[in-house]
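The structure appears right after this line, and notes come after that.
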Amino acid sequence: ERKTYREMEKLLKQKDEFINLLGHDLKNPLTPLVALLPKILDQTRDPLPRRMLEVVIENVSFIQDLVLRTLSLARLNAPSAVLKLVDGEPWPAVEKVLRRNRIIFEKGGVRVENHIPAGIPVRMDPLRFEELVENLVRNAVKFTPPGGQVRLEALPEGATVCFCVRDTGTGMTEDQLARIFDEFYKADPSRN
């Protein structure tokens, strides 16, 4: 039993090391693409090549986002991972995420609203909290049809705060909900 546990620990460590290595190897060639493509777009006047460049930039941005999330996941899974908890409020962090993603939400035709009251005290790692909110909201927007709505709420419940992301999207089955926190699980693998 102890031998099996040690073997599993070793395999998990190798998996995390592989993810970390892969993430870094993918990040390096993306750097010049992220830096140069917008400059090329600025110098392009013809509408068709501009549109093609915009599509390429969008996809490079998506790949970069994927790589950064993969690296973040590897760091969070590492035994040395430590959350930097501070006293704060969720409202400003949520507003920051919504401002940063405003263009994506508008492009999808989805209204995203922050209904979290100001002044709710929480203990959180601000960076991880923003990452969590961004992942939840982007996912909700992705599966909400144009004209739909995503609404963020927070309700104090004793010593804890219950956060809620409601949307008018397609919803999830019971099986999908049961697996929602499984590492690398996608409810609909055909969608990004």
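Tabulated data for the structure shown
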read-out	value
Among (1) at positive phi; (2) in contact (Cβ under 8 Å) with a residue 60 or more places away in the chain - the single one residue 119 does not satisfy	(2)
Residue within segment 29-40 that is on the phi < 0 side of the Ramachandran plot and either at pLDDT below 80 or of a type in the set (Asp, Glu) (or both) present	no
Residues of segment 1-25 satisfying the condition of being closer than 30 Å to residue 51 by Cα and either open to solvent by less than 80 Å² (accessible area, probe 1.4 Å) or modelled with pLDDT under 80 (or both)	23, 24
Members of segment 135-147 that are more than 19 Å from residue 162 (Cβ to Cβ), part of a helix (DSSP H, G or I) and open to solvent by 30 Å² or more (accessible area, probe 1.4 Å)	138, 142
Leading residue by the ranking (nearest to residue 98 (Cα to Cα)) among those in segment 148-166 that are of a type outside the set (Val, Ile, Thr) and open to solvent by less than 70 Å² (accessible area, probe 1.4 Å)	152
Matching residues in segment 99-109 - criterion: being in contact (Cβ under 8 Å) with a residue 24 or more places away in the chain, under 17 Å from the mean Cα position of the chain (by Cα) and within 18 Å of residue 148 (Cα to Cα)	101, 104, 105, 108
All positions within segment 111-127 that are under 18 Å from the mean Cα position of the chain (by Cα) and either small (Gly, Ala, Ser) or within 13 Å of residue 163 (Cβ to Cβ) (or both)	114, 124
Residue identified as open to solvent by 70 Å² or more (accessible area, probe 1.4 Å) and modelled with pLDDT of 90 or more among 179, 191, 111, 100	111
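Let's see how each residue does on (1) modelled with pLDDT of 90 or more; (2) buried (at least 16 other Cβ atoms within 10 Å of the Cβ):
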site: 55; (1), (2): no, no
site: 58; (1), (2): no, no
site: 64; (1), (2): no, yes
site: 76; (1), (2): no, no
site: 83; (1), (2): no, no
site: 90; (1), (2): yes, yes
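The values are calculated or read from the model by the stated rules, or taken from the named source; none is laboratory data. Just so it is clear, the structure is predicted and the values come from calculations on it, not from any experiment. Cβ: placed from backbone, ideal geometry, glycine included. Neighbour counts: every protein chain shown. Heads up: the accessible areas ignore ligands, DNA and RNA and are worked out on the full protein's heavy atoms, side chains in. Shrake-Rupley method; radii C 1.70, N 1.55, O 1.52, S 1.80 Å.
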